[in-house]
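The values are calculated or read from the model by the stated rules, or taken from the named source; none is laboratory data. Just so it is clear, the structure is predicted and the values come from calculations on it, not from any experiment. Here Cβ is always computed from backbone atoms with ideal geometry, including for glycine, and neighbour counts include all displayed protein chains.
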Amino acid sequence: MTDFSEEIEPERNAGSAGNVVPLYPARTEKAPEIVSFNRRELNQILNVYGYKVADGEWRDYAIDMLRDRAVFSVFRRSAEIPLYRIEKNPKLARRQGAFSVVNGTGQILKRGHELAAVLRFFEGKPKLFPV
């Protein structure tokens, strides 16, 4: 039987002075961190979204997870620009708050440290329907 325990150096490295060149060098750079909403945050946002869809104000949404922030965009129609964007930006967590509500033109309407407080922006007077 043949003993395969001895190492055989590849031909391409035979000319070098005993240095073995790896085929695939190890990655030294980290994979980019992606910011996202956690389950609790997404549940709070979708609760508000559900109420607004039931009222007929909102019809579509999109979720974007970027390197620096996560964005929940709300649309009246899917072909338009978003009516509102609910953003999570962890870099602003210690300063102005990680969460913000931004309108379609880019103006920040509400900002805060807790998502529930920021989402209160969407609470309005209850609508009275004619009987």
Problem - Residue match in the range 58-77 (condition: at pLDDT below 90 and among the small types (G, A, S)) - result: no
Practice task
Could you check, for the range 63-73, whether at least one of its residues is within 22 Å of G124 (Cβ to Cβ) and either among the hydrophobic types (A, V, I, L, M, F, W, C) or more than 19 Å from the chain's Cα centre (by Cα) (or both)?
Solution key: yes
Exercise for the section: Select from the range 86-95 the residues that are surrounded by 15 or more Cβ atoms within 10 Å (Cβ to Cβ) and assigned to a loop (DSSP other than H, G, I, E, B) and list them in ascending order. Expected result: N89
Practice task
Please find, within the range 33-49, the residue that is farthest from the chain's Cα centre (by Cα) out of those that are assigned to a helix (DSSP H, G or I) and of a type in the set (A, V, I, L, M).
Solution key: V48
Completion exercise
How many residues of the range 50-85 are outside any strand (DSSP E or B) and at negative phi? The answer is 21
Practice task
For the range 103-131, enumerate the residues that are small (G, A, S) and either modelled with pLDDT of 90 or more or touching a strand residue (DSSP E or B) at 6+ places or on another chain (Cβ under 7 Å) (or both).
Solution key: G112, A116, A117
Practice task
Would you be able to say whether some residue in the range 95-102 is over 18 Å from the mean Cα position of the chain (by Cα), modelled with pLDDT of 90 or more and of a type in the set (G, A, S)?
Solution key: no
